[in-house]
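Notes follow once the structure below has been shown.
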């Protein structure tokens, strides 16, 4: 995710809950690009897949093909992420969204403002320059006629024999496992009212901005965590800095 240095998220005092999602391409989700089309064909492979099966395959393929780095530009087109073969959690999640839209699966994002402390373990010596607030675009997909969180879709099911006791290993936000990786093994909860065998990150949520038709709409309305001048200056370094050790 965009997670370091200085910047500012624009204020917005109205919760946005009107999004019905979409399958259209956007400047970020440019699924008409040839690189996106090739990856889509590799994942689909002519096989008959349910929407959930396709999304699980897409998440795994993106995780295997795109190296995890600390890229700072949340508005980077998916085609650029694929051509570089590296991307932040946010950029890799955008690839999954673009593939879903190409498949005809509607997507939207939930806008969450997180406390910067969420990333303290990963940047142990940079606490002073981690911003107070970090804007996160968290994907949701219209599957089986209801909106489902990406972690609910792609996470491995809990084993029946251990379902009575929490079987989810904590996410440390340090070391090789990134947030993108963690959702492959457990669902996440960003809200205090959810009761599940999951990774509960509700303590880090300052504001829930509601849902938006696309991450383009979210970042257009609220900006990015990083201001443009700082992002242009430091992104060339951070987008080459491996997030998996």
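Computed quantities for the displayed model
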read-out: Some residue of the range 190-198 being within 20 Å of the chain's Cα centre (by Cα), more than 18 Å from residue 91 (Cα to Cα), buried (at least 16 other Cβ atoms within 10 Å of the Cβ) and at pLDDT below 85; value: yes
read-out: Count of the range 63-81 residues which are buried (at least 18 other Cβ atoms within 10 Å of the Cβ), without any contact (Cβ under 8 Å) to a residue 60 or more places away in the chain and either farther than 18 Å from residue 179 by Cβ or out of contact with any strand residue (DSSP E or B) (no Cβ under 7 Å at 6 or more places or on another chain) (or both); value: 4
read-out: Residue list for the range 82-115, restricted to those being out of contact with any strand residue (DSSP E or B) (no Cβ under 8 Å at 6 or more places or on another chain) and outside any helix (DSSP H, G or I); value: 104
read-out: So residue 91, is it free of Cβ contacts under 8 Å to residues at least 40 places away in the same chain and crowded, with 22+ Cβ neighbours inside 10 Å; value: yes
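The values are calculated or read from the model by the stated rules, or taken from the named source; none is laboratory data. As the structure is a computational prediction, the values presented were derived from the model and not from experiment. When we count neighbours, we look across all protein chains shown, and the Cβ atoms used for this are built from the backbone with ideal geometry, even at glycine.
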